[in-house]
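Read the structure below first, then the notes.
The values are calculated or read from the model by the stated rules, or taken from the named source; none is laboratory data. In this text the structure is predicted, and so the values were computed from the model without any measurement. So basically every Cβ, Gly included, is an ideal-geometry build from the backbone, and we count neighbours across all protein chains shown. These area figures cover heavy atoms from the full protein model, side chains too; ligands, DNA and RNA do not enter into them. Shrake-Rupley method; radii C 1.70, N 1.55, O 1.52, S 1.80 Å.
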Amino acid sequence: MISKTFLKETKELFREGRVRISLFIVLLLLGMAVWISALQYKNVNEQYAAAKTTERAIWDNQGEKNPHSAAHYGTYAFKPKYPLSLVDQGVDKYAGTSIFLEAHNRNEAQFSAAADQTGLARFGDLTPDFILLFIIPLLIILLGYNSFTKEREMGTLTLLKSQGITRWKWLLGKWTALFTPIFVITTVLFFVAGLVLGNLNDFGVFNWSALLTMMLVYLGYYIIFINIVLLISSLAKKSGISLVISLSVWIITCLAAPKAASNIAESKHPYPTRQEFAANVLQDKEDGLDGHNPWSKEAKILEAQVLKEYGVDSLHQLPFNFDAYRMQKGEEHEAEVYLKHYNHLKNQYSNQSKVYRSLAFISPFLPTRFLSMAIANTDYTTQWDFADAAETYRVATQKFLNDNFAENSSYGDWSYQADASVWKDLPVFEYDPPNLDTILGNNASNLSLLGIWLLASFAFLSFTTKTV
């Protein structure tokens, strides 16, 4: 019964011209999206490699210079595109790709791709994740909205009942017929993406396990949609009504719910404005040690502590340059200030994520989207992790430079210049994103939510079709 129903449904699907045309269009769009993303991925990483090499060469070839001048001269930390960003670009388009590292300031990532695009970009980009998240659910609706209603309209339902049809076998046959083309399309896309990535020189080890995990997440998302569409078709009296209701569910699930969740999260846990953030940072900076001001109260306290610690009466008697030592302590204070305020931003992001998870019961889109971006290393969590790694490197760089200044000059000697070879002793900035196990552990709640949606959709479908 299952195989006969499957063959019947499959033949009926592919007999219809609208289905064949739709499948062809979706496959064509997917092919174009992968091709465009592959070109962009290769181009961006070539730019990354060139920028990283050039910037390091500039840093290494500064020549003789005072270390504190080099600290203000600064350098850049660059974030590459990672392999699975070819499938899901996530927030990479809107988040900056490089951070300027300098003394006294923690800068934000700059030079996002969106900033260089024209107004036409607001209509959306043709990317694999757009097809996967929005278009394939539409294809599922097109293929399955009349799975049960056509039996009523054609009068075959009564005939099937008279033959003593086994309902669960009938349902499984229809479900399998609808799932098979979706499974084939999804598998082809991810297989092609894997082949493309395997032949590109990427900046991160391409992981087939991560690609397979992402594919399973999307298949779970499609199964939920298949169950919902079949559920609606089993309850609706006519195919037209089933189509309208299914499209309404798609609009609510994929368009309205994510926007509503975003608005609710932002209203409950808003970020401070850029002006408020800068003012708060400046206030906390002024309340502590300024490494450039030897006459401040905090500087005098530090001076007294150091003199007592080393048992001397004058800064000139110290075995290091106290100016550089004071500047390093000022850097440490400023780093603590930035850590405090950026942790507040991260807490707001974490609270917003909790709101998203609490609203996931209205849409399977939300956990699927977050899981996809996380596995691709294109989510805000990875962006925060990159920014934190760059800040850690910035603080270590300032210590490296201030220590060199302090150890190789005496108090009041600002004429000291470090040898040109010193700059090469600074380690190169490297950033490794979280691995798959860490990502899945951090997204356990999203995996659970997607699993709940799967079980609930199967349960409702199984219960409802008993009355068909």
Would you confirm whether or not region 224-243 contains a residue that is in contact (Cβ under 8 Å) with a residue 60 or more places away in the chain and within 24 Å of the chain's Cα centre (by Cα)?
yes
Residues of region 165-182 being at pLDDT below 80, of a type in the set (A, V, I, L, M) and in a helix (DSSP H, G or I), in sequence order, are Leu171
Taking Ser353, is it of a type in the set (S, T, N, Q), within 22 Å of Arg274 (Cβ to Cβ) and at pLDDT below 90?
yes
Mind checking which helices (runs of 4 or more DSSP H) fall wholly inside region 218-293 and carry at least 3 residues that are open to solvent by 80 Å² or more (accessible area, probe 1.4 Å) and closer than 21 Å to Ser350 by Cα?
257-268
Out of Val306, Val312, report the one residue that is part of a loop (DSSP other than H, G, I, E, B), surrounded by fewer than 18 Cβ atoms within 10 Å (Cβ to Cβ) and of a type in the set (A, V, I, L, M, F, W, C).
Val312
Which residues, taken from region 336-353, are within 19 Å of the chain's Cα centre (by Cα) and either of a type outside the set (D, E, K, R) or not in a helix (DSSP H, G or I) (or both)?
Tyr342, Asn343, Leu345, Asn347, Gln348, Tyr349, Ser350, Asn351, Gln352, Ser353
Qualifying residue in region 69-87 (condition: over 33 Å from the mean Cα position of the chain (by Cα), closer than 21 Å to Ser409 by Cβ and of a type outside the set (D, E, K, R))
yes
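Here's the yes/no breakdown for (1) on the phi > 0 side of the Ramachandran plot; (2) without any contact (Cβ under 8 Å) to a residue 60 or more places away in the chain; (3) open to solvent by 30 Å² or more (accessible area, probe 1.4 Å):
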| position | (1), (2), (3) |
| --- | --- |
| Pro67 | no, no, no |
| Thr75 | no, no, no |
| Glu102 | no, no, yes |
| Arg106 | no, no, no |
| Phe111 | yes, yes, yes |
So the helices (runs of 4 or more DSSP H) completely within region 364-468 holding 3 or more residues that are farther than 26 Å from Val337 by Cβ and not polar (S, T, N, Q) are 365-375, 436-442, 444-464
Condition met for Tyr356 (of a type outside the set (A, V, I, L, M), surrounded by 18 or more Cβ atoms within 10 Å (Cβ to Cβ), out of contact with any Gly (no Cβ under 9 Å at 6 or more places or on another chain) and in a helix (DSSP H, G or I)):
yes
Every residue in region 372-415 that is of a type in the set (S, T, N, Q) and crowded, with 18+ Cβ neighbours inside 10 Å, please.
Ser372, Asn377, Thr378, Thr381, Thr382, Gln383, Thr397, Gln398, Asn402, Asn404, Ser409
